[in-house]
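Inspection log for the structure reproduced underneath, given as structure tokens.
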């Protein structure tokens, strides 16, 4: 009798344990499906973006983006260009604002010898209202931007380049081959304390028939604002 009671108790305990585990597993699986499904989707989107990230020696994608005057601008619009200073930037990031005058200087110095700045605003205005197309127009007029300031509407271009910050520079040669990626210089806080002007040095190297060294640096700035990355 005692053995029967022990056996019954054992089976009862096992049954309770299995039921408990089964419910826990089912509950966990259900939770994982609910919480991970959108994460998996977002992760795939981000991974797809990363997979398209340009590296030194890659050929960049041309684009056809609207500038602040409403005209469509592409890299092929610049006849006779020897290269392009493609700069992802925006209106609202403090780093981008600190670099505005330096970006203007880059264009004024190097556009005449064939290296124009093309500034691209990659931010989603639904996330950052101050980076709307209308706000771009206002900012361009206030600062008298001498370069093309274009809007990556729908955020189709910045993922193809792999830009992650504002500002983030991609220096291309005339064949759209990537020669330098990264920061403008080594001090975003104070132009007077800059020791290395990365973009200028890279252009000067190309003009001398050499490859830039360094060819890549860490872009310092605000993360690009995108609903896709916030899913």
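Answer yes if at least one residue in the range 218-229 is touching a residue at least 40 places away in the same chain (Cβ under 8 Å), under 23 Å from residue 81 (Cα atoms) and assigned by TED's automatic domain parsing to the domain that holds residue 122, and no otherwise.
As a first pass, look at the range 218-229 and keep what is touching a residue at least 40 places away in the same chain (Cβ under 8 Å): 219-229.
Now drop any that are not under 23 Å from residue 81 (Cα atoms), which leaves none.
No, the range 218-229 contains no residue that is touching a residue at least 40 places away in the same chain (Cβ under 8 Å), under 23 Å from residue 81 (Cα atoms) and assigned by TED's automatic domain parsing to the domain that holds residue 122.
Go over the candidates 118, 104 one by one and state the one that is crowded, with 17+ Cβ neighbours inside 10 Å, part of a strand (DSSP E or B) and assigned by TED's automatic domain parsing to the domain that holds residue 190.
Details: 104 fails: part of a strand (DSSP E or B).
Result: 118 is the single residue among 118, 104 that is crowded, with 17+ Cβ neighbours inside 10 Å, part of a strand (DSSP E or B) and assigned by TED's automatic domain parsing to the domain that holds residue 190.
Output yes when any residue across the range 71-86 is at pLDDT 95 or above and more than 30 Å from residue 214 (Cα to Cα), and no when none is.
yes
Give the residue, chosen from 126, 111, that is at negative phi, modelled with pLDDT of 95 or more and either outside the structural domain of residue 224 (by TED's automatic domain parsing) or part of a loop (DSSP other than H, G, I, E, B) (or both).
Residue meeting the stated conditions: 126.
Okay, residues lined up against (1) within 17 Å of residue 222 (Cα to Cα); (2) under 21 Å from the mean Cα position of the chain (by Cα):
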residue	(1), (2)
112	no, no
118	no, yes
121	yes, yes
125	yes, yes
132	yes, yes
137	no, no
142	no, no
146	no, no
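Residue 134: over 30 Å from residue 208 (Cα atoms), outside any helix (DSSP H, G or I) and in the same structural domain as residue 199 (by TED's automatic domain parsing), yes or no? Don't jump to the end; show me each part of the working.
Values: over 30 Å from residue 208 (Cα atoms): yes; outside any helix (DSSP H, G or I): no; in the same structural domain as residue 199 (by TED's automatic domain parsing): yes.
Spelling it out, it is not the case that residue 134 is over 30 Å from residue 208 (Cα atoms), outside any helix (DSSP H, G or I) and in the same structural domain as residue 199 (by TED's automatic domain parsing).
If we scan the range 80-100, do we find a residue that is in a helix (DSSP H, G or I), more than 21 Å from the chain's Cα centre (by Cα) and over 22 Å from residue 219 (Cα atoms)? Before the answer, list the steps.
Kept after step one, since they are in a helix (DSSP H, G or I), are these residues of the range 80-100: 94-100.
Then drop every residue that is not more than 21 Å from the chain's Cα centre (by Cα), which leaves none.
No, the range 80-100 has no match at all.
Check whether at least one residue in the range 173-183 is within 16 Å of residue 87 (Cβ to Cβ), without any contact (Cβ under 8 Å) to a residue 40 or more places away in the chain, in the same structural domain as residue 82 (by TED's automatic domain parsing) and within 21 Å of the chain's Cα centre (by Cα), and report yes or no.
yes
The values are calculated or read from the model by the stated rules, or taken from the named source; none is laboratory data. What you are looking at is a predicted structure, and each value in this text was computed from that prediction instead of being measured. No Cβ is skipped: glycine too gets one built from the backbone with ideal geometry, and neighbour counts run over all protein chains shown.
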